[in-house]
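Q: Here it is, the structure in full.
Every number here is computed from the coordinates shown, using simple stated rules; none is lab data. Note that the coordinates shown come from a computational prediction; the quantities given were computed from them, not determined experimentally. With ideal geometry, Cβ positions are generated from the backbone for all residues, glycine too; neighbour counts draw on all protein chains shown.
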């Protein structure tokens, strides 16, 4: 009778040991799982990005590239988290010590590039008045197989200054933009004055200058040498177009309307040739992130902006002297006033028109390089973005008058920048067109035009 309690006691002891062993095993497994799974995740969420995190992902496995820079006032930011996603593919990288990152992607598609603002320094954010989500950008892989997406931090500081300071800053920026527009508008006005052609392909001459500079930079040519080469290439491009297209059409007596339609077709063709070679993304020229200089008040201009304004003024002054005092310049003005009378006076109209095409293309090429820094960036359709403003400047200043085109361009540039104080940035180009309509209602011939030029 006493054996049964002993067996029962031993059974209870064995059962307790089994339960204790089972609980200990479960605790060990749980601890192991927590140590492997949760520990690194918690460390990843709390530790800031380090310089050891990858700045290049998928370059060996994938044929196409998405890359970029992250900078704060021209200073690189390291350890910023970037996510590239699209087409079922996602990659995470961190900027290196130079603020650069690179991602290999498998397909030629449009990818979304997202900058994690939580990894930026405290108090810093991506700010862009024209974009509600400035930390997200769309990157389209073009035929070149590469696209660059840059994030420049700290562009929204002017929102904190007074209205007067903002107005002065916009006036200065508008003057810079207007001088750049003036270079292109002068050439467009010269072509119209001497040939009567409303050249819609002039926008592609602007783009050609920027693309040519990018091409020469690709051969490790310094930018200070690439710009003159790009201007020379633009002049050669204008000469080629005149010799191969416009001059034969003029000799056949093709009407002005037909020539305008040809220029529209040429514009579309050349534009998509640019897209084929440089893709649909945005490329940058060296020095686009040059440091800013405090001028006065809240006005800050980068070194590139100051060089751009100085170069524009220098070229415009040189062109004015050429147009006013040289024999070729006087012949150009004579043909613009009355081509038939100029030809009867012994002026070689075809020769002068050829020079006009060369000068107009060279000025447009320089404007394209400066616009690439002003945007900033080079796109295949960058010239088309300002074509309407160029025609507005020429019409506002007076059809066929070079100095009128310059005045009109400065007015359009200033109004475009200043109007963004009251209207959305995407609509700022419309303000210049409204003023153009009002001016034409009061003075149809433009500011410096003559009534005999109309009709």
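Q: I need the peptides 164-175, 62-73 ranked by packing, meaning the mean over residues of other C-beta atoms within 10 angstrom, with the highest value on top.
A: On the way: 164-175: 17.4, 62-73: 19.2.
Order by mean packing, descending: 62-73, 164-175.
Q: Return the FRET efficiency for the residue pair residue 175, residue 423: r is the Cβ-Cβ distance, R0 is 22 Å, and the value is rounded to the nearest 0.05. Write out the running numbers ahead of the final one.
A: Values: r = 20 Å, r/R0 = 0.90.
Calculated transfer efficiency: 0.65.
Q: For residue 260 and residue 122 in the same chain, what is the full-extension length gain: residue separation times 0.36 nm, less their Cα-Cα distance, in nm?
A: On the way: separation 138, 0.36 × 138 = 49.68 nm, distance 5.52 nm.
Taking 0.36 nm per residue and subtracting the Cα distance, the gain is 44.2 nm.
Q: Taking every DSSP beta bridge with both residues inside region 56-155, roughly what % is antiparallel (nearest 5)? Walk me through the intermediate numbers first.
A: Numbers: 23 of 31 bridges.
Counting only bridges with both partners in region 56-155, antiparallel ones make up about 75 percent.
Q: Something else about it: If each of residue 338 and residue 167 carries a label point 7 Å out from its Cα toward its Cβ, how far apart are those two points in nm?
A: About 4.7 nm separates the two model spin labels.
Q: While we're looking at this one, here's another question. Ranking request for peptides 352-364, 296-308, 374-386: highest mean number of other beta-carbon atoms within 10 Å first, then the rest in descending order.
A: Ranked by mean Cβ neighbours within 10 Å, highest first: 352-364, 374-386, 296-308.
Q: For residue 247 and residue 73, what is the calculated FRET efficiency with R₀ set at 60 Å and r taken between the beta-carbons, to the nearest 0.05?
A: Values: r = 50 Å, r/R0 = 0.84.
Efficiency, from the Cβ-Cβ distance: 0.75.
Q: With each label point set 7 Å from Cα along the Cα-Cβ vector, what nm distance links residue 61 and residue 324?
A: The two pseudo-label positions are separated by 6.6 nm.
Q: Right, something else. Mind jotting down the distance between the C-alpha centroids of region 207-265 and region 65-86, whole Å?
A: Cα centroid to Cα centroid, the span is 35 Å.
Q: Based on the Cβ-Cβ distance from residue 443 to residue 239, what FRET efficiency comes out when R0 is 35 Å, to the nearest 0.05?
A: Values: r = 36 Å, r/R0 = 1.02.
Efficiency at R0 = 35 Å is approximately 0.45.
Q: Further question on the same structure: Between region 271-306 and region 313-352, how far is it from one alpha carbon centroid to the other, in angstrom?
A: Region 271-306 and region 313-352 have Cα centres separated by 34 Å.
Q: Next question. Output the peptides 75-82, 254-261 sorted from most to least packed, where packing is the average of other Cβ atoms within 10 Å over each peptide's residues.
A: Details: 75-82: 19.5, 254-261: 12.8.
Packing proxy ranking, top to bottom: 75-82, 254-261.
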